[in-house]
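Encoded as structure tokens, the structure appears first; notes follow it.
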Amino acid sequence: MQGKIGHGTLILVGKARLIINRHQSIDVVSLGYSLDIPGQQWLCALCEAMSKLTGGAVSIVGMRASGFEPGAGPRVTQAHCVGDPSIADRLIAADREMGPAMVAETHGTMGGKTFLIMDTEDRFPEAVEVYRRVIRCEDVLILSAVDPNFAGVGVQMFSDKRLTLTNAEWDLFFRLTVHIAAADRLRRGLEHNPMEGRTLDDFDPAAVSQAIFDPKTFRVAHANALKGPAIEVLRDKARLADRARGSLSKTNPEEALEIWQGLVRGKWSLVDWFDSDGRRFVLARPNAPDLGDPRGLSEREMQVATFAATGESGKRIGYRLGISTGHVSSVLRSVMRKLDVKSQSELVSKLSPIFQASDERSHS
């Protein structure tokens, strides 16, 4: 069957399903949070893990970006390719042909989302046409694992057939996107910490973590100004994350990925750390995204409002922040009252200046 898209006539060769190794999904998340991988090797290891997740059936290009340049697109700091090595060159050629304005429009609109490029052909027909003609692929699955300021990771999976995903598979890739974004943010915070004068290869875990747990007993080995309910919440979530990384990742990877949420109460990431004697500890590291001027909102309200403005459902916002869907709804109602808005489009208009300011800070 033929179909016209933009200025070209394209041959549709039917749809295909990705064969996804779900048991690999927790390995991808665990690797993302691994602190013992040097900075330049981390993206390479992440792309290799994503390739194992898909059984090596697609070529993968991963890119780290420090933010977004208005009118130009993501500020790419590192890239890595797994599979067909010519894909990376063809991707560069496609971006060059599309030009800065088109690249900025497509990336800027879809930042933070997980999507199939061919599903966007009604919105971006010219960009889709360039992708198919220049890159010579039938579809691309894109995981845009970036913060609202567009700092983060983009993973693109190139297929020679039009792809289709089940709802469960969409959920899986969304959750991976959430964790990859959080893991990249964690690494950016540790790779250069001016306050501590340390790098990722040399840091004091007690100085950069608000709680440290012994995973054998989940007793608190160290707590930095945290006590009472906060410690108990972190302890419970650390147990769940440890369960997800353990046998549950093999017996029920979907449940494992469901219970290991993106953050704890919108504030902390839980990561493994090994001391010089090889003993494992679980660190609770502050890792909330930088969302800019709260405009009279609390931190939690700003988090919920920001992701609601990108079109995310309450369920997905809850997973991203590690809070219940009911709590998301309650917070969003408070936001709408405070900002005096009645629709999602009004919310976007209120918050767009904050997104721009956040991106300018990331570039400075």
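Restricting attention to region 121-136, which residues are of a type outside the set (F, W, Y), closer than 30 Å to R316 by Cα and buried (at least 18 other Cβ atoms within 10 Å of the Cβ)?
Answer for region 121-136, where residues must be of a type outside the set (F, W, Y), closer than 30 Å to R316 by Cα and buried (at least 18 other Cβ atoms within 10 Å of the Cβ): E121, A127, V128.
Would you check which residues across region 214-253 are in a helix (DSSP H, G or I) and loosely packed, with under 14 Cβ neighbours inside 10 Å and list them?
P229, E232, D236, K250, T251
Take the residues in region 291-331 that are open to solvent by 10 Å² or more (accessible area, probe 1.4 Å) and at positive phi; name whichever of them is farthest from the chain's Cα centre (by Cα).
The extreme case among them is G296.
Just the residues that are open to solvent by less than 20 Å² (accessible area, probe 1.4 Å) and free of Cβ contacts under 8 Å to residues at least 24 places away in the same chain, please, taken from region 40-61.
Hits for region 40-61: nothing passes.
May I ask you to list the residues in region 62-81 that are within 16 Å of the chain's Cα centre (by Cα), of a type outside the set (A, V, I, L, M, F, W, C) and loosely packed, with under 15 Cβ neighbours inside 10 Å?
none
Going by the structure shown, is L116 of a type outside the set (G, A, S), crowded, with 22+ Cβ neighbours inside 10 Å and out of contact with any Cys (no Cβ under 9 Å at 6 or more places or on another chain)?
no
Which one is modelled with the lowest pLDDT, of the residues in region 340-354 that are more than 16 Å from Q303 (Cα to Cα) and in contact with a Leu (Cβ under 9 Å, 6 or more places away or on another chain)?
E346
From the list M50, M110, which residue is of a type outside the set (K, R), at pLDDT 90 or above and either closer than 24 Å to R285 by Cα or out of contact with any Cys (no Cβ under 7 Å at 6 or more places or on another chain) (or both)?
M50
The values are calculated or read from the model by the stated rules, or taken from the named source; none is laboratory data. Please read these numbers as outputs of a predicted model, since none were measured by experiment. Positions of Cβ are backbone-derived with ideal geometry, glycine not excepted, and every protein chain shown enters the neighbour counts. Just the protein is used for accessible areas: all its heavy atoms, side chains included, with ligands, DNA and RNA removed. Shrake-Rupley method; radii C 1.70, N 1.55, O 1.52, S 1.80 Å.
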